[in-house]
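Take a look at the structure below.
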Amino acid sequence: MTATSRNAFSFPMLVSGFIAVLVGYSSTAALIFQAAQAAGASPEQIGGWLSMLGIGMGLASFGLSVWTRMPILAAWSTPGAALLATSVQGLTLNEVVGVFVATNALIVLSGVTGLFARLMNHIPQSLAAAMLAGILLRFGIGTFTGLQGNFALCGSMCLVWLLSRRWLPRYAIILALIAGVLVAVGQQAIHFPPHALTLSVPEFIMPQFTLASLIGVGLPYFLVTMASQNAPGIATLQAHGYQPPVSALTGWTGFIALVLSPFGGFSVCIAAITAAICMGDDVDADPKRRWMASAIAGIFYLLTGFTGALIAILLSALPQVLIATLAGLALLATLSGSLQRALAEPDHRDSAIVAFLITASGISLLGIGSAFWGLIGGMITHLVLSQRARA
């Protein structure tokens, strides 16, 4: 293979990058709207926030992927957005932005000190893979739950995907997307909002810091973001055989978010679920080339940012069953591979299955999501059984 061919991107990379952005925006964009509305942001400010998020994730995805030659994809903190949507009532918009600034400063500190990296070095690969499988299980199940509500749409996508996997495996996802869009058009299920062509300019908001907001919202937001977003993101990379520079990734993503916080860029983290779309064998047979898929995704993210969240709003017109089915189909191979790696070591199977089941349960304790508790449960099981084996 020549140097030119090694560096040339392929159509499956383009598709994977596009699907990652499509799934990332369409699956949780509504949550961002809810969090911004709860913070008291106007519709124009919300559009500006989405612009900043697109620019921040685009810069992080493209820059870090090119630098590390690994498929590093950025995302906003979905668990963090959920926490904000339910926790910022009663705070002013300036206080909410102060929470963004303080939290992202703590994330930068975690990266600079290397504490997060040292923690990840003690997590067995089987547990990382089990946690990833638990995260992806809900998406895998969601592939087929749409059959009950919209059999024609979900069924046609699944059928096209199956036939494409037989004869055109690299194009199975894009063909399933085309099939879903065609059926949705026939059902008149695509609804464009009246403000779809509105462009928004990000607005600087002066942060305000209060002890109540930093302790009551900022600290839980920091813990949720690190435990339920950055940790699974690093685990996803490790589960696919990559050894990312954990401290550098944490520090750079946190720094980008810190700079953009006064403009509404509340979070730039290491992606887990959408990143997995850029890491499968369908992207490229050579794992060393898959970084180009996430770099391409970064370009798509930048487009969403520079167009004032126009693409994000347009994507929201697609039916939710289409997005859920598409996400599940795109992640089936990653789910099966994660399960295989999680259960490959006989001595780690008990701890891996505990981590998998707790993560897949979707429980939330103390405001922290199931991915963190799955990892904790798996580590406790691993440590106890390791002591028994040594005894």
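Filtered by the rule that a residue be open to solvent by 20 Å² or more (accessible area, probe 1.4 Å) and not basic (Lys, Arg), region 271-292 gives Ile273, Asp281, Asp282, Ala285, Asp286, Pro287, Trp291.
Any residue at all in region 369-379 that's in contact with a Ser or Thr (Cβ under 7 Å, 6 or more places away or on another chain) and surrounded by fewer than 21 Cβ atoms within 10 Å (Cβ to Cβ)? Scanning region 369-379, I find no residue that is in contact with a Ser or Thr (Cβ under 7 Å, 6 or more places away or on another chain) and surrounded by fewer than 21 Cβ atoms within 10 Å (Cβ to Cβ), so the answer is no.
Applying the selection to region 168-197, what residues are in a helix (DSSP H, G or I) and farther than 22 Å from Phe18 by Cβ?
Within region 168-197, just Gly186 meets the criteria.
Of all residues in region 278-288, none are of a type in the set (Lys, Arg) and within 11 Å of Pro12 (Cβ to Cβ).
For Val354, are the conditions met, namely being farther than 20 Å from Thr236 by Cβ and part of a helix (DSSP H, G or I)?
In short, no.
Would you check if there is a residue in region 221-239 being out of contact with any Gly (no Cβ under 6 Å at 6 or more places or on another chain), modelled with pLDDT of 85 or more and over 30 Å from Leu366 (Cβ atoms)? No, every residue in region 221-239 fails to be out of contact with any Gly (no Cβ under 6 Å at 6 or more places or on another chain), modelled with pLDDT of 85 or more and over 30 Å from Leu366 (Cβ atoms).
Among what's in region 57-77 and is polar (S, T, N, Q) and buried (at least 24 other Cβ atoms within 10 Å of the Cβ), pick the residue that is farthest from the chain's Cα centre (by Cα). Within region 57-77, the match that is farthest from the chain's Cα centre (by Cα) is Ser65.
Residue by residue, here is whether (1) of a type outside the set (Phe, Trp, Tyr); (2) modelled with pLDDT under 95; (3) more than 27 Å from Ala276 (Cα to Cα); (4) surrounded by 16 or more Cβ atoms within 10 Å (Cβ to Cβ) holds:
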{"site": "Gly142", "(1), (2), (3), (4)": "yes, yes, no, yes"}
{"site": "Thr145", "(1), (2), (3), (4)": "yes, yes, no, no"}
{"site": "Ser156", "(1), (2), (3), (4)": "yes, no, no, yes"}
{"site": "Val160", "(1), (2), (3), (4)": "yes, no, no, yes"}
{"site": "Pro194", "(1), (2), (3), (4)": "yes, yes, yes, no"}
{"site": "Leu199", "(1), (2), (3), (4)": "yes, yes, yes, no"}
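Suppose we filter region 328-368 for residues that are modelled with pLDDT under 85, of a type in the set (Ser, Thr, Tyr) and open to solvent by 40 Å² or more (accessible area, probe 1.4 Å); how many remain? Going through region 328-368 one residue at a time, the tally reaches 1. Only one entry in Val224, Val246, Val181 is in contact (Cβ under 8 Å) with a residue 24 or more places away in the chain, in contact with a Pro (Cβ under 6 Å, 6 or more places away or on another chain) and either of a type in the set (Val, Ile, Thr) or closer than 29 Å to Glu95 by Cα (or both), namely Val224.
Would you confirm, using the coordinates I've provided, whether Ala184 is over 25 Å from Ala360 (Cα atoms) and under 22 Å from the mean Cα position of the chain (by Cα)? So Ala184 fails the test.
Among the criteria (1) of a type outside the set (Ser, Thr, Tyr); (2) within 19 Å of the chain's Cα centre (by Cα); (3) open to solvent by 10 Å² or more (accessible area, probe 1.4 Å), the one Gln89 does not fulfil is (2).
Of the residues making up region 92-104, those that are open to solvent by 10 Å² or more (accessible area, probe 1.4 Å) and out of contact with any helix residue (DSSP H, G or I) (no Cβ under 6 Å at 6 or more places or on another chain) are Thr92, Leu93, Asn94. Restricted to region 29-136, the set of helices (runs of 4 or more DSSP H) holding at least 1 residues that are modelled with pLDDT of 95 or more and either within 30 Å of Thr381 (Cα to Cα) or out of contact with any Lys or Arg (no Cβ under 9 Å at 6 or more places or on another chain) (or both) comprises 43-68, 93-113.
The values are calculated or read from the model by the stated rules, or taken from the named source; none is laboratory data. Source: prediction; values computed, not measured. Neighbour counts run over all protein chains shown; Cβ positions are idealised from the backbone, glycine included. Only protein heavy atoms, including side chains, enter the accessible area calculation; ligands, DNA and RNA are left aside. Shrake-Rupley method; radii C 1.70, N 1.55, O 1.52, S 1.80 Å.
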